[in-house]
Amino acid sequence: MSAPIRIGILFGGPSAEHEVSCASALGVARALADGGYRTVAIGVTRTGGFRLVPEAVLAELRDRPAADRAIDDRLTVTGPAVELRAGTCPGTVLVSAGNARGAVHAELDVVFPVLHGPFGEDGVVQGLLESLDVPYVGCGILASAVGMNKVAMKRALRAEGIPITPHVTFDAHTYRQADDPEKLVLGLRRPLFVKPASMGSSIGISRVADGDDLAAAVEEALRHDQLVVVEQGVSGRELECAVLGGWRPEASAVGEVRVAGGWFDYQQKYFGDVDPMVVPAGLPDEVTERVRELSLRAFAAIGGWGLARVDFLYDETTGELYVNELNTMPGFTAHSMYPKVWAAAGVGYREVVDRLVELARTRHAERAETAARSAR
């Protein structure tokens, strides 16, 4: 019998999505434990430090009912500091913790970075893992960076002929020099959505309708990023589709987010009393297939690998579909849209996790083969 695969779960992080990442990590930890993997949880603190999560703390939180999993900083600050370095065997990473000598706690075969937002979803951690030559789950450096930055993402989608909403972008310097912010959004109709270029979970986003203060919305976005995206609002339905795979990825069933107040804000996403997700979405077959096809094209446009959730706006009056954004490490709780739309397609949470681990190992093996051929 072969030894179980040893997986390190990275989560938390210094972004504003720290709590969301902790919730996702607990779901992943449970699925990995049920699948027979050996797991080591590594919490990333709000200041970017790595900490080993004591197994007792992880088990206690992991095994609570999903609705009763209190998320707090015990997950990312309780244990000793961690050092990661290349393992003794190719394609592994050593986790050292516990004393001044840096005793090895574990040698990992795969890392699962369940990190949302800047630092974890933008190529930073992916670059670290590449330098350690360890297989890791999810998109690589380039796809993660493009997926995180809404400006780069829109440019990639537009280059491939994928429909996106009208928008403008500007940086903090341009905004500060403008005598009238309204001149920066000429040609766009309200309502507008003002967003930081690199942030997720609806953090820093404002809806600006007629009579609302555009400057206040821009200032809120600039709290999180130096680059701002202003999109023209689309009156329509919010649809989401999940992608899973490598060279020949697959698209899931299509879900819908039904929201109050015109858009799916942070409060409704994580603290609402009513589940806003409808899976599968009630759509004509041709619209469902168009969403699935555009999801695969968008995934390819950024060079995706492993997984992504693709979000759409659907204008029923015109029949137009617009790709709003891709999320290369979507929420991964049992109640998140990504596992829900795959469950509707007949792929359970644990199978999704299994396939992601295998995709990580496949990509790493293929890159090693390419490197060996190049060196000859």
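Quick notes on this one:
- Between helix 18-34 and the chain there is an angle of about 50 degrees, using the helix long axis and the longest principal axis of the Cα atoms.
- Degrees, to the nearest 10: 150-159 long Cα axis against longest axis of the chain: 80 degrees
- Remark: spin-label model distance Arg155-Ser235 equals 3.4 nm, labels positioned 7 Å along the Cα→Cβ axis.
- Cα-only Debye scattering, segment 6-60: base-10 log of I(q)/I(0) at q = 0.16, 0.30 Å⁻¹: -0.44, -1.27
- The calculated FRET efficiency for the pair Arg176 and Val278, based on their C-beta separation and a Förster distance of 35 Å, comes to about 0.25.
- Ratio of Rg to Rh over the chain (Cα coordinates, Kirkwood Rh, two decimals): 0.97
- Percent carbon-and-sulfur accessible area, the chain, ignoring ligands, DNA and RNA, probe 1.4 Å: 51 percent
- Classification of segment 134-221 by its C-alpha gyration tensor yields a prolate form. The axis ratio a/c (a ≥ b ≥ c) is 1.5 or more, and a/b outweighs b/c.
- Lysine pairs within the chain, Cα separation less than 24 Å, 8 or more sequence positions apart or different chains: 9
- Protection proxy ranking, highest mean first, for peptides 147-154, 351-358: 147-154, 351-358, where packing is the per-residue count of other beta-carbon atoms within 10 Å, averaged.
- Taking label positions 7 Å along the Cα-Cβ direction at both Ala59 and Arg258, the computed distance is 4.2 nm, reported to one decimal.
- Relative contact order of the chain, pairs being alpha-carbon contacts under 8 Å that are 6 or more residues apart, as %: 16 percent
- Local net charge near Ala209, Cβ-Cβ under 13 Å (Lys/Arg +1, Asp/Glu -1): 0
The values are calculated or read from the model by the stated rules, or taken from the named source; none is laboratory data. Note that the structure is predicted; figures quoted are calculated from it, not measured. As a convention, Cβ positions derive from the backbone with ideal geometry for all residues, glycine included, and neighbour counts pool all protein chains shown. Accessible surface is based on the protein model in full, side chains and every heavy atom, while ligands, DNA and RNA are left aside. Shrake-Rupley method; radii C 1.70, N 1.55, O 1.52, S 1.80 Å.
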